[in-house]
Amino acid sequence: MSKIKSLESATATSTGGRNGHSETDDGSVSVDLSVRKGMGGPGKPGTTTPEHLFAAGYAACFGGAVDFVASQHKVKIPDAKVTCKVDVGPRDAGGFGIAVKIKVESASVPTEELRKIVEEAHEKVCPYSHATRGNIPFELEVVGA
């Protein structure tokens with residue numbers, strides 16, 4: 001396991017599990033949670049799930065990694081759009097697991113050039129990718145000009 005030199009920390013507290021409340025210590029995130037109907041829960045309006053929070057965080061982090069790699073290669077991708085889909089469900093080995101699919105789109109960069117940047121971001125930069133690599137099913141789709 002590779003050690004890190006911390007540049008920033010985020011702290012969140014959750015009470016009530018999937019039917020509770022989560023918030024960060026600085027108040028920047030405060031959400032009520034509810035198990036979706038597809039998982040047998042009440043699916044309360046105005047609530048979210050851990051998977052939604054993970055998808056939003058991974059999409060933003062991955063987008064930042066793409067921007068960083070692009071800047072290192074002196075490429076501008078002003079219209080980069082990162083979509084992260086997170087599925088949750090029973091694992092073959094028991095318990096539950098997640099699977100992730102990330103799609104990166106840009107109408108301003110050719111597909112092959114964009115693919116090289118995106119793959120470098122995934123392999124070398126994005127901390128979410130480092131944390132999940134080899135632990136979950138992962139798909140990457142790249143759609144360029």
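What whole-number value in Å² describes the accessible area per residue of the chain for a 1.4 Å probe? Don't skip to the answer; put the middle values down first.
On the way: 9370 Å² over 145 residues.
Ligands and nucleic acids excluded, the figure is 65 Å² per residue.
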**Complete:** A chain fully extended from N19 to K37 at 0.36 nm per residue, minus the present Cα-Cα distance, gains in nm 5.3 nm
**Asked** For the range 60-112, max minus min Cα coordinate along each principal axis, in Å, sorted largest first?
**Response** 46, 19, 18
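Note the full-extension length gain between I4 and H130 as 0.36 nm times their separation in residues minus their Cα-Cα distance, in nm to one decimal. List each step's numbers first, then the result.
Values: separation 126, 0.36 × 126 = 45.36 nm, distance 1.20 nm.
That works out to 44.2 nm of additional length.
Quick one: with all protein chains in place, what share of the accessible area of the range 50-143 is carbon or sulfur, to the nearest percent (1.4 Å probe)?
On the way: 2990 of 5400 Å².
Carbon with sulfur: 55 percent of the solvent-accessible area.
Give the peptides 34-47, 77-90, 100-113 in descending order of average Cβ contacts within 10 Å, highest first. Provide the component values of the computation, followed by the final result.
Details: 34-47: 12.6, 77-90: 15.3, 100-113: 17.4.
Order by mean packing, descending: 100-113, 77-90, 34-47.
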**Fill in**
Calculating Cα extents along the principal axes in Å from this structure picks out, from (i) 42, 30, 29; (ii) 52, 30, 22; (iii) 47, 33, 33, entry (iii)
**Under-17-angstrom lysine pairs by C-alpha in the range 50-143, whenever the two are 8 or more apart or on separate chains** = 9
**Message:** Please report the spacing between the Cα centers of the range 94-109 and the range 1-32 in Å, no decimals.
**Reply:** 22 Å
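Antiparallel as a % of all DSSP beta bridges within the range 50-143, to the nearest 5? Write down the numbers at each step before the final one.
Numbers: 10 of 16 bridges.
Antiparallel bridges make up about 60 percent of those DSSP assigns within the range 50-143.
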**Pair A12, K76: separation of 7 Å Cα→Cβ label points (nm)** = 3.4 nm
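The values are calculated or read from the model by the stated rules, or taken from the named source; none is laboratory data. Nothing here was measured: the structure is a model prediction, and the numbers come from that model. Glycine gets a Cβ as well: all are built from the backbone with ideal geometry, and neighbour counts include every protein chain shown. Each accessible area value is taken on the protein alone, full model and side chains, heavy atoms only, with ligands, DNA and RNA left out. Shrake-Rupley method; radii C 1.70, N 1.55, O 1.52, S 1.80 Å.
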